[in-house]
Amino acid sequence: MPALCIGEHGWSYAELAGLAEAQARSLRERGLGAGQVVVCDAEPGLDLIVLQHALARIGAALLPVRPGLPRSTLSALLRQVGAEWRWLPEAGRGRLVAVRDDLSTGSPPVDQRLAVLIQTSGSGGKPKAVMLTQAAVLASCALINQCLGLGPGDEWLCCLPLQHVGGLAIGYRCALAGATLRLQTRLAEGFDAAAVAADLARDTVTHLSLVPPMLARLLDAGVGPPPSLRVLLVGGQALHSALARRAVDAGWPLHVTYGMSETCSQIATAPYVAADAVPTRVGPLLAGVELDCARCGQPPRALRLRGPMLMAGYANPARRPGDGLRDGWLITSDLGCVDADDALHVLGRADDVLVIGGVNVLPAAVEDRLVRAPGVDAVAVVGVPHPIWGRTLAACYSGNAAPAEFEGWCRANLPGAERPRRFIRCAELPLLASGKLDRARIMTLARAEREGPGASARS
């Protein structure tokens with residue numbers, strides 16, 4: 001059973017262990033010790049996977065970063081997290097370079113050793129880096145593997161960027177389960193639907209992770225699931241019910257999930273059942289996760305959570321734990337509730353709530369309604385300033401519907417506060433390198449349009 005497959009090449013667990021042990025020995029000889037941090041470009045390939053395994057043996061932490069990060073951004077990040085080392089991949093063998101003069105950082109207790117530092121997207125303000133201990137990563141992987149049935153003989157196709165927790169964590173899950181990690185190597189260039197389709201056609205992939213725009217791309221290309229696939233895990237942002245139904249109707253074994261970098265990815269997940277689906281419902285919590293939130297039907301409030309996979313805190317130069325936590329709890333920016341079955345519902349981001357004419361409007365809820373309009377394939381809603389109402393909605397969408405047709409449907413089906421006044425049609429919605437919606441770009445497009453459907457058609 002291979003541990004790692006890249007294209008036509010494969011490495012067994014014995015081969016990968018030998019490479020990792022040799023790498024760990026070399027890194028120790030160069031001075032790398034337990035408790036230290038190595039920053040590495042997240043170039044997908046054997047080198048990064050071996051480094052990931054080697055650092056786990058040493059008790060050191062990996063901070064993967066987007067390849068090609070500007071020098072000033074990288075320097076600020078190194079200072080922010082107090083990193084000791086930079087790993088520079090080179091032909092045949094990488095090079096470890098010290099980035100601090102003082103490398104005398106003491107080794108922390110084993111149960112507090114960091115495994116991974118992950119940069120957040122910064123959607124809630126200034127970008128941060130999350131510190132995840134070895135214990136948190138292990139707890140997360142064990143619970144997710146149990147929930148999704150990942151074990152020996154299974155194969156997880158990774159087509160998510162490895163500088164994000166959703167991509168990097170797949171390698172740890174597969175290693176713990178004795179499963180195969182199938183890695184695509186062009187992740188830095190963006191999502192490649194044709195490459196994913198080719199890997200799925202091998203009929204060996206049992207698990208696959210995507211964000212909603214990636215799923216939409218596969219469906220638009222007519223790609224169907226292979227018989228081997230048991231789990232399609234979709235998360236990272238809200239999944240509209242229309243897209244979910246398209247996937248289920250096409251035979252995809254869809255599972256919805258909710259989580260974040262601060263929790264080493266998901267804390268709740270469940271198969272999507274179209275017959276009784278509620279757009280906001282995610283599913284039951286993983287074992288050990290505690291939520292402090294409203295009951296569904298009550299006024300929603302920000303989710304507070306804690307559990308064995310929770311971060312040690314946001315990174316600081318001393319890597320002191322606790323930053324960003326309050327008495328061991330993480331206060332998220334997401335509004336949510338639990339229903340009578342104790343299943344989690346996520347209603348949107350608290351900082352996304354728009355007040356339009358005195359009415360609180362959740363963009364995620366509006367998007368879920370808009371995507372049901374005829375001729376609309378995908379849609380994103382943002383709020384733009386308005387001199388009378390305070391805010392008004394702009395809808396950026398892809399599909400065959402003309403802006404005037406879409407506007408007419410909105411008039412007939414949405415109340416005034418939830419009805420967009422600007423319509424921007426795009427061939428495809430703008431995406432970030434992670435595959436998530438580029439809402440900053442969408443906001444720029446929205447502000448460039450005047451109100452009304454007539455001036456907003458784009459192709």
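A cut-off of 5 Å between modelled amide H atoms, ignoring neighbours fewer than 5 places along the same chain, links VAL39 with LEU63, TRP85, ARG86, TRP87.
Within the accessible area of the chain, the carbon and sulfur atoms contribute 52%, probe 1.4 Å, all protein chains present. For the chain, the dipole from Cβ point charges (+1 on Lys and Arg, -1 on Asp and Glu) about the Cα centre works out to 1020 debye, to the nearest 20.
How would you order 317-328, 33-44 from highest to lowest mean count of nearby Cβ atoms within 10 Å?
Output ranking for 317-328, 33-44: 33-44, 317-328.
Note that the chain presents 42 Å² accessible area per residue, ligands and nucleic acids not counted, probe 1.4 Å. For region 242-390, the square roots of the Cα gyration tensor eigenvalues, ordered a ≥ b ≥ c, give a/c of at least 1.5 with a/b no greater than b/c, which places it in the oblate category. Shown here: region 319-456, whose C-alpha atoms stretch 54, 36, 33 Å along the first, second and third principal axes, sorted largest to smallest.
The figure for VAL110 is an accessible area of roughly 100 square angstrom, using a 1.4 Å probe on the protein chains alone. One Cα centroid belongs to region 336-396, the other to region 170-200; the line between them spans 33 Å. Region 1-61 and region 207-264 have their alpha-carbon centroids 30 Å apart.
Rounded to 0.05, the FRET efficiency of the ALA198 and ARG230 pair, given R0 = 22 Å and the Cβ-Cβ distance, is 0.65. Projecting the Cα atoms of PRO44, ALA60, SER72 onto the dipole axis of region 1-81, where Lys and Arg carry +1 and Asp and Glu carry -1 at the beta carbon, places SER72 farthest toward the positive end. Compared with the direct C-alpha span, the chain from ALA22 to GLN298 gains 93.7 nm at full extension, assuming 0.36 nm per residue.
Please give the calculated 222 nm ellipticity per residue for the chain, where each DSSP H segment of at least 4 residues contributes -39500 (n - 2.57) and the sum is spread over every residue; nearest 500 deg cm²/dmol? List each step's numbers first, then the result.
Working: 11 runs with 124 residues, N = 459.
Dividing the helical sum by the residues of the chain leaves -8000 deg cm²/dmol.
Charge tally around ASP154: other residues with Cβ under 12 Å, Lys/Arg +1 each, Asp/Glu -1 each, net +2. Shown here: region 8-166, whose C-alpha atoms stretch 45, 40, 34 Å along the first, second and third principal axes, sorted largest to smallest. Rg and Dmax of region 125-190, based on Cα coordinates, read 12.9, 42 Å. Selection among ASN360, THR392, ALA427 by position relative to the dipole of region 339-433 gives THR392 as farthest towards the positive end (Cβ unit charges, Cα centre).
Filter the GluC sites (Glu not before Pro) in region 1-62 down to the DSSP loop ones having no more than 11 other Cβ atoms within 10 Å, then list what survives. Of the GluC sites (Glu not before Pro), the ones in loops of region 1-62 whose Cβ has at most 11 other Cβ atoms within 10 Å are GLU8. For the pair LEU69 and GLU90, a Förster radius of 22 Å applied to the C-beta separation gives a FRET efficiency near 0.80, rounded to the nearest 0.05.
The values are calculated or read from the model by the stated rules, or taken from the named source; none is laboratory data. In this text, all values refer to a predicted model and were calculated from it rather than measured experimentally. In this analysis, Cβ positions are derived from the backbone assuming ideal geometry, glycine residues included, and neighbour counts consider all displayed protein chains. Just so you know, the surface numbers come from the protein's heavy atoms only, side chains and all, with ligands and any DNA or RNA stripped out. Shrake-Rupley method; radii C 1.70, N 1.55, O 1.52, S 1.80 Å.
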